[in-house]
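The values are calculated or read from the model by the stated rules, or taken from the named source; none is laboratory data. Quick caveat, the model's predicted, so the values are computed rather than measured. We place every Cβ from the backbone using ideal geometry, glycine too, and count neighbours over all the protein chains shown. Just the protein is used for accessible areas: all its heavy atoms, side chains included, with ligands, DNA and RNA removed. Shrake-Rupley method; radii C 1.70, N 1.55, O 1.52, S 1.80 Å.
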Amino acid sequence: MSQSVAGSCLCGAVAYRIRSPYRGFQYCHCSRCRKRTGSSHVANIFVPVDQFEWERGEDKVKRFELPEAKYWSTAFCTECGSAVPWLTKNGKSMVVGAGGLDEDPGERPKLSVFYGSRAPWYVHVSDLEMHETLPGR
């Protein structure tokens, strides 16, 4: 059964919808994805083009392509800078950062790719102290 899930940027200028089933859901630890997010990894969902729809703000999306990258690109909202979905170079899938979704996508990541090139400071989340909110100082 197909599930429709909403996503948006931080300021709300850009909104989109994805429908399952997805082509994949994975974490990527490569240096490009780390720089794109400013984090230890990105959580990407690959959505067939015909299962993706811009609801608003497509005109607010700016795309950046790294010339030497065969597959990698990025896109962001020109109002708030949030990462937003981008079309793969072969035109078959949208790459949707799971952090931009407003609802549960109904699936969980199945792979962690480029783990061998993870940041040297990376510590697996299960090895960290856990808090439900910001702890008191």
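A few notes on this one:
- For region 10-39, the set of residues classified as surrounded by 18 or more Cβ atoms within 10 Å (Cβ to Cβ), of a type outside the set (Lys, Arg) and part of a helix (DSSP H, G or I) consists of CYS33 only.
- When PHE52, PHE76 are checked against the criterion of being surrounded by 12 or more Cβ atoms within 10 Å (Cβ to Cβ), modelled with pLDDT of 95 or more, among the aromatic types (Phe, Trp, Tyr) and farther than 30 Å from PRO120 by Cβ, PHE52 stands alone in meeting it.
- Number of positions in region 85-110 that are open to solvent by 80 Å² or more (accessible area, probe 1.4 Å) and at pLDDT below 95: 3
- Across region 28-49, the number of residues qualifying as at pLDDT 95 or above and either more than 13 Å from the chain's Cα centre (by Cα) or among the hydroxyl-bearing types (Ser, Thr, Tyr) (or both) comes to 2.
- Residue in region 53-72 that is out of contact with any Leu (no Cβ under 8 Å at 6 or more places or on another chain), β-branched (Val, Ile, Thr) and part of a strand (DSSP E or B) present: yes
- Pair list, Cβ < 7 Å and 6+ apart or interchain, from region 108-137 residues that are within 27 Å of GLY24 (Cβ to Cβ) and part of a loop (DSSP other than H, G, I, E, B) to residues that are at pLDDT 90 or above and among the aromatic types (Phe, Trp, Tyr): ARG108/PHE25; PRO109/PHE25; PRO109/TYR27; LYS110/PHE25
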